[in-house]
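First up is the structure itself, then whatever we jot down about it.
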Amino acid sequence: MILEVVKYGHPVLRERGARIKEITPAIKGLIADMFETMYESKGIGLAAQQIGQALQLTVIDVRGATDRPSTLELDGLTADVDAFMPLVLINPKITPLGERVTGPEGCLSFPEIYADITRPEKVDVRALNEQGEQISFRAGGLLARAVQHEVDHLNGVLFIDRMTAEDKAELRTDMDDLHTATKKALAKKK
């Protein structure tokens, strides 16, 4: 089922997600719905907060992004990124590695708003998968950027929080318009 992607201004986007203690049928259903929603929205990642659920859960699939490469290491060996996708991360913990690099980012909760964001070029990830099994890997390139972006969401951090002051100033009107429209839409639902 395709879910509504909440937009900037919705309070759930600023909430830290609750840890998932058990992989229930409801959680598995939510994961399936999140993938369907992400693909329909043409995204490469979607956090539970973006569909109105404050949980430590995100889905990622970078296979469609051929313009920006990703790297993956499993147990210290280079692995096939495509074979590792789609990816479910439950209760993820990340350790940033390497130099900081700047690259373009967008967000499904911020339609048509893009900026260059500086993040570590690699990240070590530990999480549970959809079967409740512990997974760990090292990601680089776009996959590292996507993991960091989505884990930020799980902690109530938005990519606008990582923008330069200049980019924020340049995008201020668009962000304010989106925030106002979201608040109005929420008020109508009450």
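The numbers here are math on the coordinates, done by the rules we state, and not lab data. Keep in mind that this is a model prediction, so the values were computed, not measured. So basically every Cβ, Gly included, is an ideal-geometry build from the backbone, and we count neighbours across all protein chains shown.
Would you tally the net charge around residue 47, using a Cβ to Cβ cut-off of less than 13 Å, leaving residue 47 out, and scoring K and R as +1, D and E as -1? List each step's numbers first, then the result.
Numbers: positive: 14, 16; negative: 15, 150, 152.
Summing Lys and Arg as +1 and Asp and Glu as -1 gives -1.
As a test, work out the antiparallel percent of DSSP beta bridges whose residues both lie in the chain, rounded to the nearest 5. Walk me through the intermediate numbers first.
Values: 34 of 35 bridges.
Around 95 percent antiparallel, to the nearest 5.
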Phi-derived 3J(HN,Hα) across the stretch 158-167 with the Karplus relation (6.51, -1.76, 1.60, θ = phi - 60°), rounded Hz, x for Gly and Pro, is 10, 5, 5, 5, 9, 6, 5, 4, 5, 5
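Report the extension gain between residue 74 and residue 170 in nm, rounded to one decimal, defined as 0.36 nm multiplied by the number of residues separating them, less their alpha carbon distance.
Values: separation 96, 0.36 × 96 = 34.56 nm, distance 4.02 nm.
Working it through step by step, the gained length comes to 30.5 nm.
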What is the Cα convex hull volume of the stretch 11-189 when expressed per residue in Å³? 119 Å³
The stretch 100-131 to the stretch 150-182: how many Å between their Cα centroids? 14 Å
Quick calc, residue 100 & residue 131: beta-carbon distance into FRET formula, R0 25 Å, rounding 0.05, result 0.15
Cα-based Lys proximity count in the chain, under 17 Å, for pairs eight or more positions apart or on separate chains: 8
